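Could you have a look at this structure, given as structure tokens, before my questions?
The values are calculated or read from the model by the stated rules, or taken from the named source; none is laboratory data. Predicted model, so just to flag it, every value in this text is computed and none were measured. Don't worry about glycine lacking a Cβ; one is built from the backbone with ideal geometry, like all the others, and counts go over all protein chains shown.
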Amino acid sequence: MNNLVPVGSPPSPGTLLPVAIDYPAALALRQMALVQDELPKYLLAPEVSALLHYVPDLHRKMLLATLWNTGARINEALALTRGDFSLAPPYPFVQLATLKQRAEKAARTAGRAPAGSQAHRLVPLSDHHYVSQLQMMVATLKIPLERRNKRTGRMEKARIWEITDRTVRTWLSEAVEAAAADGVTFSVPVTPHTFRHSYAMHMLYAGIPLKVLQSLMGHKSISSTEVYTKVFALDVAARHRVQFQMPGDEAVALLKGRCCD
């Protein structure tokens, strides 16, 4: 038996959410957004925390937590080394290589991108629990700064997660299955990219301005970021409760009165 908030049910009055939101309303909004295929499929903070609960291995859990805490694309997260993190207070951050922009630029120039031209972005790590867990993982697993390349014999920066994205998908499938066996299910498909969408929505719920989110996400165009605000457009329209109907006899009387003036 677990003490998780069942996904799809409102949290108890004593439950502390990471961001102060109307959780039942947020769930209803997400269900509304799922009707439109072009809108992002995302999880809310309690759902992500529940999912991570079913990942007992620290190394696995911290990769998924990194996707959630940074909004990184999976290839960006798998490229991370210890040197990409600065965990010292008061403002810990991670430096992400914006690999999608680099790939697009390389394709346009029909050749290898010039050395030093790789785009990077800094993402603050504002959750102290995540930072402390990351420090514990590095210390426990003794993750080095550098590692010798077995093929070339040269010392290279050591990636923290030397795995493929297929392996990550397997980890996620196992976590979802473990959750389902415990009576916890998720209403959206859970993939590595789900965490990126979830990060964006979580930041908007926290009040982060759209232009700031664009920078954090590594979006070249603001239009890529605006897709998340379309979800909130549904919420604004629904909450205004705009009425269109009025009693017919009153409408007739109103028009007759106008005609007689």
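Could you give me the residue pairs with C-beta distances under 8 Å whose first residue belongs to segment 51-72 and is closer than 13 Å to VAL138 by Cα, whose second residue is at pLDDT below 95 and hydrophobic (A, V, I, L, M, F, W, C) wherever it lies, and which are 6+ apart or on separate chains?
LEU58/LEU141; HIS59/LEU141
Going by the structure shown, is LEU43 outside any helix (DSSP H, G or I), of a type outside the set (Val, Ile, Thr) and farther than 19 Å from HIS128 by Cα?
Values: outside any helix (DSSP H, G or I): yes; of a type outside the set (Val, Ile, Thr): yes; farther than 19 Å from HIS128 by Cα: yes.
Judged against the criteria, LEU43 is a match.
Sort out which residues of segment 99-114 are in a loop (DSSP other than H, G, I, E, B) and either within 21 Å of the chain's Cα centre (by Cα) or modelled with pLDDT of 95 or more (or both), and write them in order of number.
If the condition is that a residue be in a loop (DSSP other than H, G, I, E, B) and either within 21 Å of the chain's Cα centre (by Cα) or modelled with pLDDT of 95 or more (or both), then no residue fits.
Within segment 81-98, does at least one residue satisfy the condition of being outside any helix (DSSP H, G or I), surrounded by 14 or more Cβ atoms within 10 Å (Cβ to Cβ), modelled with pLDDT of 95 or more and of a type in the set (Ser, Thr, Tyr)?
Checking segment 81-98: at least one residue is outside any helix (DSSP H, G or I), surrounded by 14 or more Cβ atoms within 10 Å (Cβ to Cβ), modelled with pLDDT of 95 or more and of a type in the set (Ser, Thr, Tyr).
Considering only segment 141-194, state which residues are among the charged types (D, E, K, R) and either out of contact with any strand residue (DSSP E or B) (no Cβ under 8 Å at 6 or more places or on another chain) or in a helix (DSSP H, G or I) (or both).
Passing the criteria: LYS142, LYS150, ARG151, GLU162, ASP165, ARG166, ARG169, GLU174, GLU177, ASP182.
Within segment 46-96, work out how many residues are within 17 Å of the chain's Cα centre (by Cα) and hydroxyl-bearing (Ser, Thr, Tyr).
3
So, one more: Just checking, does segment 230-239 include any residue being within 15 Å of the chain's Cα centre (by Cα) and touching a residue at least 12 places away in the same chain (Cβ under 8 Å)? Give the steps one after another, and end with the answer.
Initial filter on segment 230-239 (within 15 Å of the chain's Cα centre (by Cα)): 231.
Narrowing the set further to residues that are touching a residue at least 12 places away in the same chain (Cβ under 8 Å) leaves 231.
Yes: segment 230-239 contains one or more residues that are within 15 Å of the chain's Cα centre (by Cα) and touching a residue at least 12 places away in the same chain (Cβ under 8 Å).
Name the residues in segment 195-218 that are in a loop (DSSP other than H, G, I, E, B) and either under 14 Å from the mean Cα position of the chain (by Cα) or touching a residue at least 24 places away in the same chain (Cβ under 8 Å) (or both), would you? Reasoning before the result, please.
Our first condition is that a residue be in a loop (DSSP other than H, G, I, E, B); within segment 195-218, this holds for 206-209, 218.
ALA206, ILE208, GLY218 - these are the residues of segment 195-218 that are in a loop (DSSP other than H, G, I, E, B) and either under 14 Å from the mean Cα position of the chain (by Cα) or touching a residue at least 24 places away in the same chain (Cβ under 8 Å) (or both).
Does GLU47 qualify as being of a type in the set (Asp, Glu) and surrounded by fewer than 17 Cβ atoms within 10 Å (Cβ to Cβ)? Quick ask: steps written out before the conclusion?
On the way: of a type in the set (Asp, Glu): yes; surrounded by fewer than 17 Cβ atoms within 10 Å (Cβ to Cβ): no.
For GLU47, the condition - of a type in the set (Asp, Glu) and surrounded by fewer than 17 Cβ atoms within 10 Å (Cβ to Cβ) - is not met.
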